[in-house]
Amino acid sequence: MPGLIDMHTHFRDPGLTHKEDIQTGLTAAARGGFTSVVTMGNTSPVCDNEQIIKHQINRAKEVKLGKLYPVSTVTMGMLGKEATNIHDNIIAGAIAFSEDGKSVEDPAVFKQFLHQAAQFQVPVLDHCDDVRGEAYYAERDIELAGSVGSRLHIQHVSLADTVNVIADGKKKYGKLITAEAAPHHFALTRQDYLDWGVDAKMAPPLATESDRQAIIRGLADGTIDAIATDHAPHTAEEKKSDNPPNGIIGLETALPLALTHLYYAGEVDRMQLIRLMSTNPANILGIKGGTLAPGSPADITIIDPNIGHVVDKYSFASKSKNQPYHGRFLRGEVTKTICDGRTIFEK
């Protein structure tokens, strides 16, 4: 299949490399079948300027594994007040903008940024999880984006209400509106949080079985366009603290989870899975890839969908192990990952 593209991942470089760095992150991505990853801006300091963007790109080139595409924050310091320099950050290599981790609370600030994004024809990746709730911010931001003609991509959809909001937004604004879901939101529910505790704590949180089924229906009928991991590494010490951070890792389990819970469950066929994990992310982001057509990059993921395996978190390439799948039986395994004609992983 075309190389997988993860349009929502967290590598902790700069500043938090004890959790994950670009070397270990890209190694985990290659083992998971991903030839391209899109990294969010909530590093330390945050990715709001051209120096950090260039640092991430250059470090990925040194590693010589998969491709890394940085995302800039929407506002300086992720403080929600002053917009980043969209022109300079695009020139430096940012392919999209996101206030990842929270919504831009001030609608006037966000609308003005969306207007600029429309002029530069770049997508804004929207984290709709804050005090008023996911569906509220999704509806608000879809209307703001539609009013200025900006492309808006709703990140990690977790609720049935939000799926309905996105469906309505697509009817009204067409291809301006896209969305993604993370594997944990179509594979797990609140019960898994009760079973696993902090290793199943993320934002947005796990929801009900009816919400999980709504996410699956959204992926099957095209309301949700992509599967993205929201790979969020944290140390065991942080997860055991009095105030454990949100997030789980996901690069090395995303494809088996999709095969197990979507393909083998009869919810999507193989071509739909390819669109969700490769073709659609490439089209949304405007990057090369997502196809095996002649003339396209030789980004190829080879899988054996029939191999079953028990997840072993201690075998992961990621520095962090925070996830709720250890010991779970999943179907499908990546056997080889090729990026630009180079083998970057082989089982």
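Derivation of every value follows stated rules applied to the coordinates shown; laboratory data play no part. Being a predicted model, the structure only gives us computed values, none of them experimental. Here the Cβ is made from the backbone with ideal geometry for all residues, glycine too, and neighbour counts use every protein chain on show.
Numbers below:
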{"item": "Cα-based reach from Lys347 at 21 Å (exclusive), listing lysines while leaving out same-chain residues under 8 positions away", "result": "Lys64, Lys67, Lys313, Lys319, Lys321, Lys336"}
{"item": "The chain, helix-only ellipticity at 222 nm - DSSP H runs n ≥ 4, -39,500 (n - 2.57), divided by all residues, nearest 500", "result": "-9500 deg cm²/dmol"}
{"item": "Potential lengthening between His18 and Thr208 on full extension [0.36 nm per residue; Cα-Cα distance subtracted]", "result": "65.1 nm"}
{"item": "For segment 144-190, size of Cβ-based charge dipole, Lys and Arg +1, Asp and Glu -1, in debye", "result": "160"}
{"item": "Overall Cα dimensions of segment 4-346 - principal axes, largest extent first, Å", "result": "50, 50, 45"}
{"item": "Centre separation in Å (Cα based) which lies between segment 166-208 and segment 88-130", "result": "21"}
{"item": "Likely footprinting exposure, Glu237, Glu180, fewest C-beta neighbours within 10 Å first", "result": "Glu237, Glu180"}
{"item": "Lysine pairs within segment 150-306, Cα separation less than 28 Å, 8 or more sequence positions apart or different chains", "result": "5"}
{"item": "Size of electric dipole in the chain: Cβ of Lys, Arg +1 and of Asp, Glu -1, about Cα centre, debye, nearest 20", "result": "760"}
{"item": "DSSP beta bridge pairing in the chain, given as percent antiparallel to the nearest 5", "result": "40"}
{"item": "Ranked packing of 24-34, 94-104, most packed first, by mean Cβ within 10 Å", "result": "24-34, 94-104"}
{"item": "Rough spin-label spacing in nm, given labels placed 7 Å along Cα→Cβ, for Lys240 and Arg190", "result": "2.9"}
{"item": "Neighbour-count order for Val131, Val38, Val71, fewest beta carbons within 10 angstrom listed first", "result": "Val131, Val38, Val71"}
{"item": "Neighbour-count order for Met78, Met271, Met7, Met40, fewest beta carbons within 10 angstrom listed first", "result": "Met271, Met78, Met40, Met7"}
{"item": "Loop trypsin sites (Lys or Arg not before Pro), segment 262-308 (other Cβ atoms within 10 Å of the site Cβ: 16 or fewer; DSSP)", "result": "Lys288"}
{"item": "Sites Tyr136 and Ser315 - FRET efficiency at Förster radius 45 Å, r taken between beta-carbons, to 0.05", "result": "0.65"}
{"item": "Value in Å of the Kirkwood radius, where segment 1-108 supplies the Cα pairs that are averaged", "result": "13.9"}
{"item": "For Thr75, distant residues with modelled amide H under 5 Å away", "result": "Gly80, Thr84"}
{"item": "Spin-label pair Met271/Met76, simplified geometry with 7 Å Cα→Cβ offset, distance in nm", "result": "5.0"}
{"item": "Two-site label geometry, Asp340 and Ala298: point separation in nm, points 7 Å out along Cα→Cβ", "result": "1.3"}
{"item": "Square roots of 5 times each gyration tensor eigenvalue, C-alpha, segment 188-268, largest first, Å", "result": "25, 14, 11"}
